[in-house]
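Please read the structure below before turning to the comments.
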Amino acid sequence: MTESSEPSALTLENIGEVTLATVHLSELPTTVTDQLLLHLQRQTQPGKPPRLVLDLSGVKFVDSIALGTLVVMLRRIKQAQGRFALAGMSGHVLNVMRVTGLDKVFQLYPTVGEALAAVKE
């Protein structure tokens, strides 16, 4: 399954029980995070915890609104007994996660493959 929130901004792909969300923009805009929240709401079912990997390898900038939305997603996924991982962050985005302490809140992985393996467990 592949969905798009705006042309080539976000792709959603089911890999087994895990949804891989790949952002194809250099910035993480609210249109993309809102689409992820909507997808999460539609996909969360009783007895089937959501499993989501967000690939941010192409993202070079993230603002406080996007960070806040990621925290909301994490909270909703945890409430549903699911798993959520962020993959491929580097540079400014990784630095922002470290400075804000969110690197200790989220599961961060250098590659999508490592994140998928961790979320599947």
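Bear in mind that the values in this text are calculations on the coordinates, not laboratory data. For clarity, every value in this text was computed on a predicted model and none was experimentally measured. So basically every Cβ, Gly included, is an ideal-geometry build from the backbone, and we count neighbours across all protein chains shown.
Numbers for the structure displayed
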| quantity | calculated |
| --- | --- |
| Unique match (being of a type in the set (Asp, Glu) and within 19 Å of LEU94 (Cα to Cα)) among GLU27, GLU17, GLU13 | GLU27 |
| Qualifying residue in segment 31-45 (condition: under 13 Å from GLY82 (Cβ atoms) and in a loop (DSSP other than H, G, I, E, B)) | yes |
| Residue pairs meeting the criteria (Cβ under 7 Å; at least 6 apart or on separate chains; first at negative phi, in segment 76-98; second β-branched (Val, Ile, Thr) and surrounded by fewer than 17 Cβ atoms within 10 Å (Cβ to Cβ)) | ALA80/THR44; ALA87/THR111 |
| Total residues in segment 53-101, condition acidic (Asp, Glu) and farther than 23 Å from GLN43 by Cβ | 1 |
| ARG83 being farther than 18 Å from LEU102 by Cβ and either among the basic types (Lys, Arg) or buried (at least 20 other Cβ atoms within 10 Å of the Cβ) (or both) | no |
